[in-house]
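Below is one structure, written out as structure tokens; comments come after it.
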Amino acid sequence: MNKHYKSLELDKILTRLASFCTVDEAKEAALKIEPSVELRTVKILLKQTADVHTLLARYSAPSFGGIKNINNALSRAEAGSTLTTRELLDVAENLRVIRSLNEWRSNMENADTASIDFLFNALIPNRFLEESISEAILNEDEISDSASPTLRDIRRNIAMQASSIRQKLDKIIRSEYYKKYLQDAIVTQRNGRFVVPVKSEHRSVVPGLVHDTSSSGATVFIEPMAVVEANNEIKILQNKERDEIERILAALSYEVGLCRESLKNAYDAAVSLNVIFAKGKMAFDMKASIPEVNDEGIIDIINARHPLLNQQTVVPTSINLGKDFDTLVITGPNTGGKTVSIKTIGLLTLMAMCGFMIPVSQGSVISVFKKVFADIGDEQSIEQSLSTFSSHMTNIVDILKNADEKSLVLIDELGAGTDPVEGAALAMAILEQLHIQGAKIAATTHYAELKAYALNTPGVENGCCEFDIATLKPTYRLLIGIPGKSNAFAISERLGMEKEVVNRARRMVEQGNVRFEEVVDKLEERRREMEDAQKVAVDAKKAALEDREKARLLRQTQEEKVNAEIQKARDTAAKIVEETRRQANILMDEISALRKEKNESRDLTELARRAKAAMKSGVNNLTDVSDPVYNIEEDDDYVLPRELEKGDTVLIRSIGQKGTVLSPADNRGRVEVQSGAMKTRVDVSSLRLLEDEKKTKSNVQMKMQRDKSEAPKVQKRECDIRGMNADEGILEVDRFLDAIFMSNLDEFSIIHGKGTGVLRAAVQKYLKGNPRVKSYRLGVYGEGGDGITIVTVKREN
């Protein structure tokens, strides 16, 4: 790896990435990643990581477990070699993983995976070959009977022959004649042939072939002549079995060879996907985000965290470079975070160029550089006889030779390790030369001369790592635009050094340096005051926004309650109307039925009375809904907010009804109030002012008007009552007129037919006395003539 990348610890990032990979070759690929210097390539890599990061947030990660590099086996299969059962099982496992990855991608609904679709498209499943191998090979040492019909037949014949041999041998070992000559009454095998154990001294009694003897020589294993031919047949069948297995493996290997290219491409795609998904998992682990990238040398990282530090304790820092200035000189005491700051710039730049999401806030900007140089740390070399200073200068000489306008240069402790005067002068000269060559530079130093250089040189900016004198601890915050202080005198004094010694040291410092430090102190004090003021303003703004949001939610809640009450009242009224209409329809149907049956025994007057009573009850219910009795909890502490005036709407608490004030209270405290048709005088203490009644009525009217406009529309303008008697027809016309009226239609037709004219006469009589009908007429030629009546609805202006 490039030594500059290594000094910025990119190798540790790649090692961490490899730990998130699950495929061995993916781990190797992760360790070999190199930063891309092309902006287009970097954008593609970042888009891939961002897409995977989104997929991991919405779905579980796909499994890559079990996939292996089988390229060698694939090449041999393509060349015509027969693969082993282990190699074929590895092929089947790769096919299984490829299929599962393909299915995982298919289950992503509306997922934006355009940047990695070409990799998923390379994952071509082959279910036929996968199942052929899996069904034929049970494990590394066993081939399934179902691998082929021939193999199944051969094994069945072997089993039958073995069973036949056992039966014959069982007769021998159970025979009373042979039993006394046998060592044990068992059947066993030697060299793949069935034998019986015979005592050595009686081997001539049992005719057959001797295949083995025991270690003691007391037993010989004889294959009786009765089963020799059967054992020979088993041997022949076993040879056929072996040949058939070879044929099956060769056929499967041939199929694998045909798929070599697709399997190789699928494996390579799976390795690449495993690396990209590892980047996505690592981004979650670091709580990283995607930066904006450019190739103009502009860096603006917000709340950046060095990825190798403890993410729970690391202090975020914000750094910018390349826009308002191209050289940043960072000063301050040791252990203040200067080196971490420039390492963070370099490492996050390299990570973004490798396609990593980086631990920064949204809106951060990173530049792609052709070259990244870093001179960080103590590179003293005893072997090369180089001191620390010489080692640094060797690196810087190399940087000066190669840096250009597309380079990022990071130098730690520039000019250190030699005489301070010469070191400061050399540091300024190096910065100036790199500035002339157009490089973007971030350097740390202790030299006061470089602070003045940064103040007086265009394109060069001071920066410092904040240090808390009160606690003698760094805050690790990088402040741009403010030169740092070493704080040596203050630290020494707080650590207990005698004040006289410290003051003597102060007097030895040049007056110009003292004034410079005083200016820095004033700048630092002013900065802290501004930060405190800004914090107060931000807190006040936040509190105001929270209060406004609470008020909005409260108003919304109240409006929802009002709307709910209005809806509830409307629903109740609709139910009452529907119930009343239903009861009236039932009575009308009974009257019609009686008329049809000509049943004079029923009292039609009684039915009419009941219908009238039901209608009246419904009207009363509607009145209750429109003018309800309010059930108000007693409130003895209630006081009128103002004196009552004529026209005020009030609630009469004693009867729970609303009323309107007709005259103000008299000298006895009594107010004349009208509630409905009743006028009465009520004690002012029994009244409650309804301040928003007019407004509420207006809102209710507007809502009712809106509801009315949104009422269901009639789908047709014709009411067909042909075939009905007069009462049924009138009832249907009344229903249809209600619907027409609610639908805001002005005209409709009643089809009653010509017939005897009874139905037409009943309809016209009903229309003539109906206050909702403006006019009506019989149809003309083309409209239906006397068989249809055209009705115009009367509406209020």
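Look at the alpha carbon pairs under 8 Å that are at least 6 residues apart: their mean separation over the length of region 56-147 gives a relative contact order of 30 percent. Rolling a 1.4 Å probe over the heavy atoms of the protein chains gives region 1-47 an accessible area of 54 Å² per residue.
Computed over region 120-190, the P(r) tail beyond 15 angstrom holds 71 percent of alpha carbon pairs. With a simple spin-label model that places each label point 7 Å from the Cα along the Cα-to-Cβ direction, the separation between L553 and E645 comes to 3.8 nm.
Excluding ligands, DNA and RNA, the accessible surface per residue across region 229-284 is 43 Å² with a 1.4 Å probe. Restricting region 175-233 to trypsin sites (Lys or Arg not before Pro) that sit in a DSSP loop and have at most 12 other Cβ atoms within 10 Å of their own Cβ leaves K180. In a fully extended conformation the segment linking S200 and T660 would gain 152.4 nm over its present Cα-Cα distance, using 0.36 nm per residue.
Rounded to the nearest percent, how much of the accessible area of region 169-258 (1.4 Å probe, protein heavy atoms only) is carbon and sulfur? Taking all protein chains in place, region 169-258 shows 49 percent carbon and sulfur surface. Full extension of the chain segment joining V421 with E34 gains 135.3 nm, where the gain is 0.36 nm per residue of separation less the Cα-Cα distance. Across the accessible surface of region 307-362, with the other protein chains kept in place and a 1.4 Å probe, carbon and sulfur atoms take up 47 percent. Computed over protein heavy atoms with a 1.4 Å probe, the carbon and sulfur contribution to the accessible area of region 17-72 reaches 53%.
For the pair S214 and R127, a Förster radius of 45 Å applied to the C-beta separation gives a FRET efficiency near 0.25, rounded to the nearest 0.05. Centre-to-centre separation between the Cα atoms of region 741-772 and those of region 775-793: 9 Å.
In a fully extended conformation the segment linking R156 and K679 would gain 177.2 nm over its present Cα-Cα distance, using 0.36 nm per residue. In this label model, Q362 and Y59 are separated by 2.4 nm, measuring between points 7 Å along each Cα→Cβ vector.
Based on the Cβ-Cβ distance from Y254 to D117, what FRET efficiency comes out when R0 is 25 Å, to the nearest 0.05?
So, using R0 = 25 Å, E works out to roughly 0.20.
The simple spin-label model puts a point 7 Å past each Cα toward its Cβ; for Q238 and L455 those points are separated by 9.9 nm. Normalised by residue count, region 160-274 yields a Cα convex hull volume of 163 Å³ per residue. For region 34-104, what class follows from the C-alpha gyration tensor (a ≥ b ≥ c being the square roots of its eigenvalues): rounded when a/c is under 1.5, otherwise prolate if a/b is larger than b/c, else oblate? Oblate, since a/c reaches 1.5 and b/c is not below a/b.
In terms of distances greater than 23 angstrom between alpha carbons, the cross-link table entries K370/K451; K281/K371; K568/K679; K27/K281; K47/K279; K171/K199 yield K370/K451; K281/K371; K568/K679. Applying both filters, DSSP loop and at most 16 other Cβ atoms within 10 Å, to the GluC sites (Glu not before Pro) of region 19-50 gives E38. With a cut-off of 16 Å on the backbone N, the residues of region 733-756 near the modelled label site 7 Å out from R795 along Cα-Cβ are 737-749.
Its relative contact order, with pairs defined as Cα atoms under 8 Å and 6+ residues apart, puts region 253-360 at 34 percent.
These residues, I143, I186, go from largest to smallest accessible area, 1.4 Å probe, as I186, I143.
Return the loop-located trypsin sites (Lys or Arg not before Pro) in region 285-368 (DSSP other than H, G, I, E, B) with at most 16 other Cβ atoms within 10 Å of their own Cβ; answer none if there are none. Listed in order of number, the matching sites are K287, K323.
The Rg/Rh ratio for region 54-139 is 1.05, where Rg is the radius of gyration of the alpha carbons and Rh is the Kirkwood radius.
The values are calculated or read from the model by the stated rules, or taken from the named source; none is laboratory data. A quick note: this is a predicted structure, and the numbers were derived from the prediction, not measured. As a convention, Cβ positions derive from the backbone with ideal geometry for all residues, glycine included, and neighbour counts pool all protein chains shown. SASA here: full protein model, heavy atoms, side chains in, ligands and nucleic acids out. Shrake-Rupley method; radii C 1.70, N 1.55, O 1.52, S 1.80 Å.
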